[in-house]
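Enquirer: Mind looking over this structure? Questions follow.
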Amino acid sequence: MRWRDGRLELIDQRLLPAQVTFVACSSAQEVASAIRDMVVRGAPAIGCAAACGIALEAQRLKDASPAAFASGMDGAFSALAASRPTAVNLFWALERMRSTIAAARQARPAEIAARALEEANRIVVEDVAANRAMGAHGAVLIEDGARVLTHCNAGALATAGHGTALGVIRSAVAAGKRLSVIVDETRPFLQGARLTAWELMQDGIPVTLITDNMSGHLMSRREVDAVIVGADRVAANGDVANKIGTYMVAVLARRHGIPFYVAAPLSTIDLKLASGDAIPIEERGASEVLGHAGIEWAPKGIGVRNPAFDVTPAELVTALITEKGIVREPDQGKIAALFSR
Ligand code: MRU
């Protein structure tokens, strides 16, 4: 994401890798639509975009009366909060923006808008720094020559830059480790086949694409040495919500004695939720399951479920990689301690 002429430009992830096109947003409503429609996706990227959406709206209303500014900003927060339910980074970023605006409430709207923009930019810069720190911590866990399986896209596209799971892979490669990546295609939105494959190929990191139902076979043939994924929300006990299909991969990894790592910044950890059972799971429309890109392969009238995320219990997580360090076999006590490190 980038600022151009006072607008927020988001790379349109729905069109990758066929086209690299940007969608320009001029209001919080437009950013909310971009999040809902998956122009921008991935938990940290959603949080960063939402923060920029608030900054954008504040700029747009900076010459309004204080009352009109306040009510316009309330609308902006509501629209962004309703865009997608699972990634907690969205709510975390909105909370930071709300506190910044509340702390400046005595100032003129133009001054509040300036502070909102600074805070949004800080959130973006901090996200890249967190990813680099995660990369440095996590790289140690990946052995030279490892064949690493990942699910969905937890790369630069899903963050402000570098990536979480792909950030660890990038940092390990930068440290001289020769890695190859196996990427699940990630039905139904194909984040793996379209986005992760594209990112890794651009970096020259060897990558092999499989469909989601092939990982068990490869694991049983000892062709996977480690699994690393990102997260949309980690509960206080270490349960991890991530892209649908992650849970299956974690179960398979345990069956085959393969380490299962989750890379996620502290902004993805929700201490308010005791366990993964309380994590809201987004259900998306039927069209993503019925077909793709205008082609429908299922019979008309069929019932469809489309949960976009699943929850992997903490007991299946070998280690949680964060910007503050690695938490092995995460549980409630270790996660609480992480916040005071
Ligand atoms: O539906 P998406 O594409 O927003 O889901 C994204 C994921 O599940 C990612 O793995 C997660 O957000 C981590 S991104 C660093």
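The values are calculated or read from the model by the stated rules, or taken from the named source; none is laboratory data. None of the values given here were measured: they were computed from a predicted structure. When we count neighbours, we look across all protein chains shown, and the Cβ atoms used for this are built from the backbone with ideal geometry, even at glycine. Areas reflect the complete protein model, heavy atoms only, side chains present, ligands, DNA and RNA absent. Shrake-Rupley method; radii C 1.70, N 1.55, O 1.52, S 1.80 Å.
Enquirer: Could you calculate the FRET efficiency of W297 with R255 from 1/(1 + (r/R0)^6), where r is the beta carbon distance between them and R0 is 25 Å, rounded to 0.05?
Expert: Efficiency computed from Cβ-Cβ geometry: 0.20.
Enquirer: Under a point spin-label approximation (7 Å from Cα along Cα-to-Cβ), what is the R98-A175 distance to one decimal in nm?
Expert: My value for the distance between the label points is 3.8 nm.
Enquirer: Oh, and also: R0 = 30 Å: FRET efficiency of D37 with R147, Cβ-based, nearest 0.05?
Expert: Between D37 and R147 the formula returns 0.30.
Enquirer: Return the distance in nm (one decimal) between the two label points of a simple spin-label model at S78 and A107, each offset 7 Å from Cα along Cα→Cβ.
Expert: About 2.6 nm separates the two model spin labels.
Enquirer: For the chain, with a Gaussian network of springs between Cα atoms less than 10 Å apart, report the residue from I228, I11, I321 with the top mean-square fluctuation.
Expert: Checking each option, the largest mean-square fluctuation is seen for I11.
Enquirer: What FRET efficiency comes out for the pair S340/S65, r = Cβ-Cβ distance, R0 = 51 Å, nearest 0.05?
Expert: 0.75
Enquirer: Given a 1.4 angstrom probe, what's the average accessible area per residue across the chain, in square angstrom?
Expert: On a per-residue basis, the chain sits at 42 Å².
Enquirer: Calculate the dipole size of the chain relative to its Cα centre from +1 charges on Lys and Arg beta carbons and -1 charges on Asp and Glu beta carbons; express the result in debye to the nearest 20.
Expert: 240 debye
Enquirer: Can you give the relative contact order of the stretch 157-214 as a percent, counting alpha carbon pairs under 8 Å and 6+ residues apart?
Expert: Once normalised by length, the contact order is 32 percent.
Enquirer: Determine the calculated [θ] at 222 nm for the chain from helices alone, applying -39500 (n - 2.57) to every DSSP H run no shorter than 4 residues and normalising by the residue count; nearest 500 deg cm²/dmol.
Expert: Mean residue ellipticity at 222 nm (helix-derived): -12500 deg cm²/dmol.
Enquirer: Are there any helices in the chain, counted as whole DSSP H runs, that stretch 24 Å or more along their axis by Cα and score at least -0.5 on average by Kyte-Doolittle, and if so which?
Expert: Helices meeting the criterion: 43-60, 109-139.
Enquirer: Suppose every Lys and Arg Cβ carries +1 and every Asp and Glu Cβ carries -1, with no other charges. What dipole size does the stretch 160-316 come out with about its Cα centre, to the nearest 20 debye?
Expert: Dipole about the Cα centre, nearest 20: 320 debye.
Enquirer: Let me ask something else about it. Might you report the magnitude of the Cβ-based charge dipole of the stretch 205-249 about its Cα centre, with Lys and Arg at +1 and Asp and Glu at -1, to the nearest 20 debye?
Expert: Dipole of the stretch 205-249, to the nearest 20 debye: 40 debye.
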